[in-house]
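Next up is a structure, given as structure tokens.
Bear in mind these aren't lab numbers, they're just calculated from the coordinates by the rules spelled out. Because the structure is a prediction, the values reported are computed rather than measured. Here the Cβ positions follow ideal geometry from the backbone for every residue, glycine too, while neighbour counts run over all protein chains shown.
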Amino acid sequence: MKIEFIDLEDWEKDYIRQNLKGKQFLFVDDKLTKETAAKAKDCDAAAAFIYSKVYEAVIRRLPKLKFITTMSTGYDHIDMAAAKKRKIVVSNVPTYGENTVAEHTFALILALSRKIVDSADRTRKGDFTLDGLRGFDLKGKTVGVIGTGHIGMHVIRIAKGFEMNVIAFDVKKDAAAAKRVGFRYVDFNTLLKSSDIITLHCPYNKATRHLINSSNIGKLKKG
């Protein structure tokens with residue numbers, strides 16, 4: 001099997017060489033496009049990240065391709081219909097970076113609640129005044145989590161550590177987890193109206209595109 005790996009860092013290449021012995025590798029430093037696909041025309045498999053758009057025009061230029069894996073959770077950059085037509089198997093990493101993304105979510109929340117970016121910018125200018133920099137506590141605030149998969153659930157656990165009230169919306173409810181972790185599911189409009197902070201952790205697809213839009217943004221809790 002000949003496997004194409006796209007746009008990897010050097011340490012990743014070393015890891016692959018050490019752990020996938022007996023395979024042929026092709027490391028391509030460019031994004032996978034219809035122009036660069038010619039380099040991989042003899043490959044049986046391709047491993048790409050979200051920046052490579054594996055659309056039909058690209059797939060047509062890879063005649064031997066049997067398997068595509070994306071090194072991410074999201075896979076909207078892959079033309080699933082074109083892959084299915086060619087009987088190409090597609091895989092993703094369903095639990096990729098669940099704690100990493102959740103921790104970054106709270107880094108962003110705290111940056112907003114404590115006005116950290118504004119404070120840092122002002123300090124760099126030698127301005128140590130405090131006017132306009134008063135933030136707010138997370139304790140007692142209500143966070144609305146849209147999507148309670150692996151990442152969303154990790155966000156909820158962190159929020160409970162801050163003693164926040166947690167409400168959630170998901171098309172697939174996990175009642176056992178809600179009872180165990182200590183949050184409740186509500187309908188979408190109730191979440192918009194009741195949350196002090198809203199964080200989205202759902203896949204990008206036709207149903208979630210423009211999930212918050214001009215028709216419902218007015219329902220958000222004031223402030």
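Which pairs break 23 Å Cα to Cα here: K115/K141; K39/K206; K13/K87; K2/K84?
From the list (K115/K141; K39/K206; K13/K87; K2/K84), the Cα-Cα distance tops 23 Å for K39/K206; K13/K87.
Which of the trypsin sites (Lys or Arg not before Pro) found in region 22-51 are loop residues per DSSP with 13 or fewer other Cβ atoms within 10 Å of their Cβ?
K23, K41
Using Cα springs under 10 Å in a Gaussian network model of the chain, which residue among A176, A38, A159 shows the largest mean-square fluctuation?
Top of the fluctuation ranking is A176.
Follow-up question, since we're still on this one. Please figure out what share of the DSSP beta bridges in the chain is antiparallel and state it in percent, rounded to the nearest 5.
Here the share of antiparallel DSSP bridges comes out near 0 percent.
Go through region 138-176 and name the trypsin sites (Lys or Arg not before Pro) that are in a DSSP coil and have 15 or fewer other Cβ atoms within 10 Å of their Cβ.
Within region 138-176, the qualifying trypsin sites (Lys or Arg not before Pro) (loop, at most 15 other Cβ atoms within 10 Å) are K139, K172, K173.
With the crude spin-label approximation of a point 7 Å out along Cα→Cβ, what separation in nm comes out for A111 versus E9?
1.9
Around M1, under 13 Å between beta carbons, what's the net of Lys plus Arg minus Asp minus Glu among the other residues?
+2
While we're on this one: Exactly which chymotrypsin sites (Phe, Trp or Tyr not before Pro) in region 27-104 are in a DSSP loop and have at most 10 other Cβ atoms within 10 Å?
Counting only loop positions with at most 10 other Cβ atoms within 10 Å, none of the chymotrypsin sites (Phe, Trp or Tyr not before Pro) in region 27-104 qualifies.
What does the charge count near D29 come to, summing +1 for each Lys or Arg and -1 for each Asp or Glu among other residues with Cβ under 11 Å from its Cβ?
Local net charge: -1.
If amide hydrogens are placed 1.01 Å from N in the peptide plane, which non-local residues have theirs closer than 5 Å to the one on M164?
HN-HN under 5 Å from M164: G140.
How far, in nm, would the chain grow between M1 and L20 when pulled straight, counting 0.36 nm per residue and subtracting the alpha carbon separation?
That works out to 5.7 nm of additional length.
Grab the Cα-Cα distance for K221 and T95, subtract it from 0.36 nm times how many residues apart they are, and report the gain in nm with one decimal.
42.2 nm
Distance between Cα centroids, region 195-215 to region 86-125: provide it in whole Å.
Using only Cα atoms, the two centres lie 16 Å from each other.
State the three equivalent ellipsoid semi-axes of region 121-203, derived from the C-alpha gyration tensor as the square roots of 5 times its eigenvalues, in descending order and whole Å.
Each semi-axis is √(5λ); the values are 31, 13, 12 Å.
Using just the Cα positions, wrap region 36-122 in a convex hull and report its mean projected area in square nanometres, one decimal place.
Computing the convex hull of the Cα atoms and averaging its projections yields 7.8 nm².
In the chain, what is the volume of the convex hull around the alpha carbon atoms, normalised per residue and reported in Å³?
About 193 Å³ per residue, rounded to a whole number.
Need the full-extension length gain, A207 to A82, defined as separation in residues times 0.36 nm minus the C-alpha distance. One decimal, nm.
Roughly 42.9 nm would be gained on extension.
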